[in-house]
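Everything below concerns the one structure shown next.
The values are calculated or read from the model by the stated rules, or taken from the named source; none is laboratory data. All of these numbers come straight from a predicted model, not from anything done at the bench. Please note: Cβ atoms are built from the backbone with ideal geometry, for glycine as well, and neighbour counts cover all protein chains shown.
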Amino acid sequence: MKRIIGLSLLSVTLFFTACGGQQTAANGAKDTATAMTTDSTVAKSFEVSLVDNKKDPTCGMPVTAGISDTAHYDNHVLGFCSTECKDEFLKNPKAGLAAAALK
């Protein structure tokens, strides 16, 4: 009897280990809600050393305050404080490039 209980516990432990602890729905789909929640809360940020500008070309904010988006234009990698500033820059990039304070 002890042997049957021991083998049952071992089987259950192996099952959960092999499945990665994810629950499986009746249709066989794995529950990824926890992983999606974790991934969606990660904020994008970039190192200042990766961009060629000192200021956001649209609003003039220093990139040292934080970079949440980037764009490649005219052989430069430009950092922006927000996606909205990047979108505004892309409407007229030549005018914005002069305000970027390139390094």
For Met1, only one of the following conditions fails: (1) more than 22 Å from the chain's Cα centre (by Cα); (2) modelled with pLDDT of 90 or more; (3) of a type in the set (A, V, I, L, M). What is its number?
(2)
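Within the range 53-77, can you find the residues that are aliphatic (A, V, I, L, M) and touching a helix residue (DSSP H, G or I) at 6+ places or on another chain (Cβ under 6 Å)?
Val63, Ala71
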Taking Thr70, is it in contact (Cβ under 8 Å) with a residue 24 or more places away in the chain and over 21 Å from the mean Cα position of the chain (by Cα)?
no
